[in-house]
Amino acid sequence: MTAVIDRPAATAPAVPTPPRGPVWRRRLWLGFCYLVLVPGAILFVAPFAWLISASFQHAGDIFSWPPQWIPSNPTLDGYKGFFGIGQAGDIAQGSEGAWRWFLNSAFVAGSVTTLQLFFNSLAAYTFAKRRFPGRNIIFMVFLATMMVPPQVTLIPNYLVLKHVPFFGGNDVMGQGGHGFLDSYWGLILPGAVSAFGIFLLRQYMLAIPDELLDAARIDGAGEFKVFWKVVLPLCGPALAATAIFTFTYAWEDFLWPLIVVSSSDHYTAPLGLALFVVKNRTSWNLLMAGSVVATLPMVVMFLIFQRRFIQGISMTGLKG
Amino acid sequence: MTGRGRGARRGVLKTMWRERSAYGFLAPGLILFSVFTVFALLFAFYLTFREWNILEPEKPFVGLQNYRDMVGDEDFRRSIINTAYFTGASVPLGMVVGLGVALLLNQPIRGRGLLRTLYFLPNVTPFVVAAIVWKWLYNGDFGLFNYYLLKTHLITEPLVWLSDKNLAMPAVVLMSVWSSVGFSMVVYLAALQSIPNDLYEAARIDGAGAWARLRHVTLPMLRPSTLFLMVMGIIGSFQVFTQIYIMTSGGPLNRTTTMVYYIYEAAFKFYEMGYASTLAYALFLMLLVFTALQLRLYRRADM
């Protein structure tokens, strides 16, 4: 990918220039813009609005016809029921319940993000700023595998995790137990490094002048210190962007947890929603409440980091 | 070996020793990477010549049987057609709508930030949630789609959307477009804002109207973004899985069974690990060919 990465300038988004011509024409044009954009936005948000509304309705009201956009009889039953999953009398009795799925998701996504930031930037720094025999070959191998779709490595990785020695009841040869399957290790480890992330950070680090690093080396800083104290602090925007994307991706990843995890105590939020609630035909109001809760962290994160999010997209993508 | 060669090699070893911390820095990434990507790739290739149901330790060698099965597999062919259908419909649609929204949002209108956020929200919704909500919207008895279409007399009978063999795939496509428009919009917006104003000025001086400026200035300047979105879009939608799993489970009559869904079923429903690996490799090859073709386009666009 020929991503050209400039250092993102700290500019406010350019305000578009108004169209010229007579005032009535300008007004007509802007009126047209609103006429398309506003109804479009309403349509785009409608599924959300309905999701939120349904999450506050009684199980029966969700089926009302015509549909209720504003709950006639608002209730927290959905939320209570969702977080009550696993309590006495429930079909899932004995499992720790829905709140656990969210903690799992947060823990897994947080670990994946932290590990990736560290490992990716360490490797990116080495590729960008160090000269050593074998650098180009190793880097080429990394690049080449950026295209590998995760589905190809899915089955082998499942097997690798199953046969990790000494874990999950395995013997020294990795036989007899389930290894890292159905564990946090299995959810986190395969995602702990990313060729794409390394590539992006490397591109960014290439722009850091070597003189800075040399100055630090002359002052007696070791290689790790140069990386940690000089290079990393200069990579703030790139690190933030990759962190946001990694976290989002890990939070909503579905296929890998679906394959690795089998006990409901290790479910991530998406998996819990999909398997537990859809497959067990628990009522829709619980499902809607759970969906709202699973979406909330993403939306909040987006609203807080909106600028970075968008900067990140144009950074990972391209300029112009 | 000549003395010089040996000397050169000693030189390399010396450099390697001097730069040993570089290898140390690469080690964690490299180890994970070797296991979960490089080894995995090789092992998957090995499995394509084996038959294995994962439960038994034996993995009998079957030669090219998996490949022969794949070529004759009607359902796999169906899944390729479905994937191509999904990709061919959802990628261009998402890009065109995203471009349209970006062009309009790039006007000096009030509330741009708010509108941009609203259009982007579907993109930050976890796929699983989006699929659940849309599954409900498409519900034949209580869904909002049927309600409003019946109310406006666009249809007279309720439709069963996800259970209708002709409607299921368009329904999944629509949901996916809804979720991807925000992304292409943001990419296009960023590109639009980096087009120098001078270009428009020059075009104006040459007497270009709004339409001509769009065709001859804006669209050519957006070409790299378009190619980027196309590459990412095709790679992403060739791997479509979550929506299918939740909304249709591949039905009705395999009409929405995409390649990844088919691979998933082969591996983790029927436990045919060898065959599933063969299918996965076929997917890999297709993606490689596509990406190579597109990168050539990309390079031409860079010139």
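The values are calculated or read from the model by the stated rules, or taken from the named source; none is laboratory data. If you're wondering where the values come from, they're calculated on a predicted model, not measured in any experiment. We place every Cβ from the backbone using ideal geometry, glycine too, and count neighbours over all the protein chains shown. Note: accessible area is taken over every heavy atom of the protein model, side chains too, but ligands, DNA and RNA are not part of it. Shrake-Rupley method; radii C 1.70, N 1.55, O 1.52, S 1.80 Å.
Once Rh is set to the Kirkwood radius over Cα pairs, what Stokes-Einstein translational diffusion coefficient, in µm²/s, holds for the protein assembly as shown at a temperature of 10 °C and a viscosity of 1.306 mPa s? Taking Rh from Cα pairs, D becomes 59 µm²/s. Counting every alpha-carbon pair across the range B:121-253, the share separated by more than 21 Å comes to 56%.
In summary, the range B:1-89 shows an alpha-carbon radius of gyration equal to 1.91 times the 2.2 N^0.38 Å reference for compact globular proteins.
Using the Kyte-Doolittle scale, which helices in chain B average at least 1.0 and also have C-alpha atoms spread 24 Å or more along the helix axis, with helices defined as whole DSSP H runs? Answer set is B:168-193. Straight-line reach from B:LYS151: taking Cα to Cα under 29 Å and skipping same-chain neighbours fewer than 8 places apart, the lysines in range are B:LYS135, B:LYS165. Within chain A, which whole H helices from DSSP have a Cα span along their axis of at least 20 Å and a mean Kyte-Doolittle hydropathy of 1.6 or more, if any? Membrane-span-like by this rule: A:284-304.
Considering all C-alpha pairs of the range B:3-47, those separated by over 13 Å amount to 68%. For the residue pairs A:LYS129/A:LYS162; A:LYS225/B:LYS14; B:LYS59/B:LYS269, alpha carbon separations beyond 30 Å are given by A:LYS129/A:LYS162.
All C-alpha to C-alpha distances of chain B, sorted into 20 Å bins beginning at zero, yield P(r) values of 24, 45, 27, 5, 0 percent in whole numbers.
Computed over chain A, relative contact order equals 27 percent, with contacts defined as Cα pairs under 8 Å that lie 6+ residues apart. Along its three principal directions, the equivalent ellipsoid of the range B:175-303 from the Cα gyration tensor extends over semi-axes of 41, 17, 10 Å, largest first. One way to sum up the overall shape of the range A:178-262 is the equivalent ellipsoid from its Cα gyration tensor, whose semi-axes run 35, 15, 9 Å, largest first.
Note on chain A: along the principal axes its Cα atoms extend 81, 72, 35 Å, ordered by decreasing extent.
In this assembly, the B-A interface accounts for approximately 9100 Å² of buried accessible surface in total, computed with a 1.4 Å probe and without ligands, DNA or RNA.
With the convex hull of its Cα atoms as the shape, the range B:24-144 has an orientation-averaged projected area of 15.4 nm². Here the label points at A:LEU103 and B:LYS165, each 7 Å from Cα along the C-beta direction, are separated by 4.9 nm in the simple model.
Per residue of B:102-109, other chain Cβ atoms within 10 Å of the residue Cβ number 6 on average. Look at the alpha carbon pairs under 8 Å that are at least 6 residues apart: their mean separation over the length of chain B gives a relative contact order of 28 percent.
Using only side-chain charges placed at the Cβ, +1 for Lys and Arg and -1 for Asp and Glu, the dipole size of the range B:202-298 relative to its Cα centre rounds to 440 debye.
Across the range B:70-114, counting alpha-carbon atoms alone, Rg and Dmax equal 18.5, 58 Å. Taking 0.36 nm per residue of separation and subtracting the Cα-Cα distance, full extension of the segment from B:GLN193 to B:ALA210 would add 4.4 nm.
Dividing the summed -39500 (n - 2.57) terms of all DSSP H runs of n ≥ 4 by the residue count of the protein assembly as shown sets its mean residue ellipticity at 222 nm at -20000 deg cm²/dmol. Taking 0.36 nm per residue of sequence separation and removing the Cα-Cα distance, the A:ALA59/A:PHE224 pair yields an extension gain of 53.6 nm.
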